[in-house]
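*Asks:* Quick one: structure below, then a few questions.
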Amino acid sequence: MEAGERRRLRQEAAEYYRGQRVPERMEDALNALFPLHPEDLYGELANYFSKFSKAPVICKLVGRKVLDGVGEPTLEVEIYCTVKNYEKRICSTVMATHSQIPENALPETIEADEEERNDSVHTAVEWVSDSLNTMLRDLDPTDQCQADKMLGEYFANKVEEKREIEKQEKEKKEEEEAAKVISPASGRSAATPKQKKGRKPGKKVSVEGNSIPPAEPAEAVLCGSLAIGGTSLAIAKAGATISCVPLYLHTALLKHKESPKEITLPLPMITVLNCEKNSPTKLKLVKEVMLIPPVELSLQQGIERVQEIQKEMTRKMESPGKTPGSRSDSRRGRAHKAQPSSLKRISHLGCLITGYDSLEQLLLQVQTACNNIGLELGIDMYLAINCAAHELMDYGKGKYEILTGTFKSPDEMVAMYVEMINNFPFIIALIDPLRKEDREQWSSICCALGSKCFLIAEDAATQISKLKTDQNINLAMCSGVVLKYINQTTVSDLIELTGILDGQRHISILGSPDRESSDESLVDLAVGLGARFLKLGGLSRGERVAKYNRLLAIEEELAANGALREAKLEFVDFAEESQPGQLPDVLPAPE
C-alpha cells in the first residue's frame, strides 16, 4: 500500500472516530477508571462504553410446540434481540390454556377438543415464526404499547379473513342447496314434506316453568390465537430483561407510568380440595375449596399454615370413622392402611380430589382439621368456595342441581347463599355462585352479601376480549373478576382492564387456567397490576408450586428493599352504596 493511501485511510479513520466522539469518551473512561484501579480493567471499560451502545431491538421470534403441566401441547415463544451487534436470546414464555370442556364430556367431544388444540398450537407456531417474526423485527422490546397495537391489528385482520372465508363457504353451500331444490326433470320445486297431524306449522314446544335466560354461547376461539398472547407476554419479559428490572416492576411501570415506592402483594387463594361434580357423592354445589390466609401473616407464614391444615385434613380423610386413641380400631386401621386410597389422587389443580354428601360435612371437616392444630376458622384462616354454578344448571328443569336430585331456582340459590354466609361467616368469597345470565340474581346476592363476602365472577364473566365496552365493564353486578391470561389477551389488555376495574370499585383476581404451564409470569403480572387475589390452585404439581415459589421470592425482595405494603381486605356494601368497609380483624366463628 502506498504512503498516500495509508495517510488517506488514517485521516478517514480519525474523522470517523471523532464523529463518534471515541477519543473524547476514551479519555473520560481512562480518567474515571484510573483512580479505581479495577481488578478487571477491560471489564470495566466494557461496562463504561456499554451505556453509549444502541438500544437492543427484536431480531427474531421463534415459535415452538411444547407440553404444558398436564402433558397437553401448548405454545412457547422465544425472543432474540440484537445486542451490541450480536444476536442474543433474551427470554421465552410458555402459554397456559383454558378448556371449556366440562368434566362429564363425551369421549368424542374430548377427542374433537384435542384435535382442535393441536391445530391451534400448530397455527400459532406458524404465526410466530413467520408473520409476527417479520412484523416485529427491529421493534424496541420496551415499547409494549406499540407491540400490542401491532399484535391487535394483526389479530383483527385474521378474524376478518376467517369471516370472509366463512361467508364464501356459506354462500357456496346455499347455492348448492338451492340447485338441489329444483327438480331436474320437471323444473318444479320438490314437494315440501307434510306436517304431522296434530301439530301446527311453526309452533314451538316449550318446557313448562322454564323461564330462565338461555345460556350464552361460548366465545369462539380463533385457531392460532395463542400466538398473540404468547408474543405479547414474551415482549414484556424481554422489555424487563433489557431494562434490568423484574417483570412485576416493569408491569407496574407500564400501568402507572412510574415505578411505585411500595407494592401490595395479592393474597393467595390456595385450593386444598377439588370436589368432582360427577363423583358418586351427592354434593355438587362445590367445585373448589380454597384457603385464604389472614393479612397479618406474611405469605411465607400463610402458606406454611395452609400446609399444616392440608396435612391434617389428609390425615383425617385417610382414616375415616377412627376415633383418636381408640384401641378397638387398631386392627382395622392397619387393614385400611394396606388398601390403596383414592384420596391420594391429585387433581390437575394441584390438590386432593374428593367428594361429600353435604356442604355441612365438607365445612365440618375443614373446621375440625383447623381445631385439631389449634387454629380457628374466621380468625386464623378464611375460606373461599368456587361453586362453578354454570355446571349445575339443568336446563330441562330450569334449576340448579346443588345435590343429587335436589334442585333450586336462581332466586332460591340467592336465599341459600345468604343462609350459608350467615351460618358460616368464615367463608369470605364465593366464586361463580350463579351463571352470568342470571343478572337479576347477581344484583340480589350482591346487595344481600356484598358487605360481608366477595362475590366473584370467573366463568360467569365474559372473556377479556368482550369484557371492555366503552370504558365500562360488561358484566353482572359483582365484587370482582377473575382474569386469565389466555388466547389473544395482551399485556396492554390486562393493564387497561385492571385500570377500569380499579376505577369502578371492582377487585381484580388473576387466576391460573385449567391447563397451566411452568411459566411463572402470571405471578409477576398479578403483583405489577395490583391484583387483590391470586388464584393459582393447590400446593402440589410443579407448574403450580413454581408460581408460589416466585410469589415468595417477590415478597422477600420487596421486604428487603423496604417496599412491601401490608394488604387489606375490604368489602363493598352494594345495598347502601357506601364506601368500602374494612374487614374486621376478627370474624365470629360459627356457633
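Read the figures in this text as sums done on the coordinates, not as results from a lab. If you're wondering where the values come from, they're calculated on a predicted model, not measured in any experiment. Backbone-built Cβ (ideal geometry, glycine too); neighbour counts: all protein chains shown.
*Asks:* Using a Förster distance of 56 Å, how high is the FRET efficiency between Val159 and Leu403, based on the Cβ-Cβ distance and rounded to 0.05?
*Replies:* According to the calculation, E is roughly 0.85.
*Asks:* Sort 350-357, 225-232 by packing, meaning the average of other beta carbons within 10 Å per residue, with the highest value first.
*Replies:* Descending mean neighbour count gives 225-232, 350-357.
*Asks:* In terms of the Cα gyration tensor, with a ≥ b ≥ c the square roots of its eigenvalues, is segment 75-182 rounded because a/c is under 1.5, prolate because a/b exceeds b/c, or oblate?
*Replies:* Oblate shape, in that a/c is at least 1.5 and b/c is the bigger or equal ratio.
*Asks:* What FRET efficiency, computed as 1/(1 + (r/R0)^6) with R0 = 30 Å and r the Cβ-Cβ distance, is obtained for Glu126 and Cys244, rounded to the nearest 0.05?
*Replies:* 0.35
*Asks:* Further question on the same structure: What FRET efficiency comes out for Cys145 versus Ala567 if R0 is 30 angstrom and r is the Cβ-Cβ distance? Round to the nearest 0.05.
*Replies:* Between Cys145 and Ala567 the formula returns 0.55.
*Asks:* Among the GluC sites (Glu not before Pro) in segment 67-123, which ones are in a DSSP loop with at most 15 other Cβ atoms within 10 Å of the Cβ? Mind listing them?
*Replies:* Glu103
*Asks:* Another question about this same structure. A 18 angstrom limit on the alpha carbon distance is what I want to check against. Which of Lys255/Lys436; Lys284/Lys484; Lys399/Lys436; Lys257/Lys484; Lys311/Lys568 exceed it?
*Replies:* Lys255/Lys436; Lys284/Lys484; Lys257/Lys484; Lys311/Lys568, as the Cα separations exceed 18 Å there.
*Asks:* Calculate the spin-label point distance for Lys180 paired with Leu106, positioning each point 7 Å from the Cα along the beta-carbon direction, and give it in nanometres.
*Replies:* It is 2.2 nm.
*Asks:* Which net charge results when you count Lys and Arg as +1 and Asp and Glu as -1 among the other residues whose beta-carbon is under 12 Å from that of Asp138?
*Replies:* +1
*Asks:* Counting other Cβ atoms within 10 Å, keep those with at most 13, restrict to DSSP loop, and tell me which GluC sites (Glu not before Pro) in segment 258-311 are left.
*Replies:* Glu258, Glu262, Glu296
*Asks:* Would segment 218-329 count as rounded, prolate or oblate if I go by the C-alpha gyration tensor, calling it rounded below 1.5 in a/c and otherwise prolate when a/b exceeds b/c, oblate otherwise?
*Replies:* oblate
*Asks:* Could you tell me which of rounded, prolate or oblate describes segment 103-156, using a ≥ b ≥ c as the square roots of the eigenvalues of the alpha-carbon gyration tensor, with rounded for a/c under 1.5 and, failing that, prolate when a/b is larger than b/c and oblate otherwise?
*Replies:* Prolate, since a/c reaches 1.5 and a/b exceeds b/c.
*Asks:* How much length is gained if the chain between Glu360 and Glu115 is pulled fully straight, taking 0.36 nm per residue apart and subtracting their Cα-Cα distance, in nm to one decimal?
*Replies:* Gain in length upon complete extension: 84.1 nm.
*Asks:* Net charge near Gly562: determine it from the other residues with C-beta under 10 Å of the C-beta of Gly562, scoring Lys and Arg +1 and Asp and Glu -1.
*Replies:* 0
*Asks:* Give the aspartates and glutamates whose C-alpha is closer than 15 Å to that of Lys180, dropping any in the same chain fewer than 8 places away, or say none.
*Replies:* Glu171
*Asks:* Okay, moving on. Quick one: net charge around Ala252, please, counting Lys, Arg +1 and Asp, Glu -1 for every other residue with C-beta under 12 Å from its C-beta.
*Replies:* Here the charged neighbours net out to 0.
*Asks:* How much length would be gained if the chain were fully extended between Asp394 and Glu39, taking 0.36 nm per residue of separation minus their Cα-Cα distance, in nm to one decimal?
*Replies:* 120.3 nm
*Asks:* So which trypsin sites (Lys or Arg not before Pro) in segment 242-312 end up in coil per DSSP with only 14 or fewer other C-beta atoms within 10 Å?
*Replies:* Passing sites in segment 242-312 are Lys257, Lys261.
*Asks:* If I stretch the segment between Leu9 and Ser518 completely, what's the gain in nm (0.36 nm per residue apart, minus their alpha carbon distance), one decimal?
*Replies:* That pair, Leu9 and Ser518, stretches by 177.7 nm at full extension.
*Asks:* Let me ask something additional. Sorted by average packing, counted as other Cβ atoms within 10 angstrom per residue and highest first, what order do 444-455, 8-19 take?
*Replies:* With the highest mean Cβ count within 10 Å placed first, the list reads 444-455, 8-19.
*Asks:* Beta carbons within 10 angstrom, averaged per residue: use that to sort the peptides 495-501, 214-220, highest first.
*Replies:* Final packing ranking: 495-501, 214-220.
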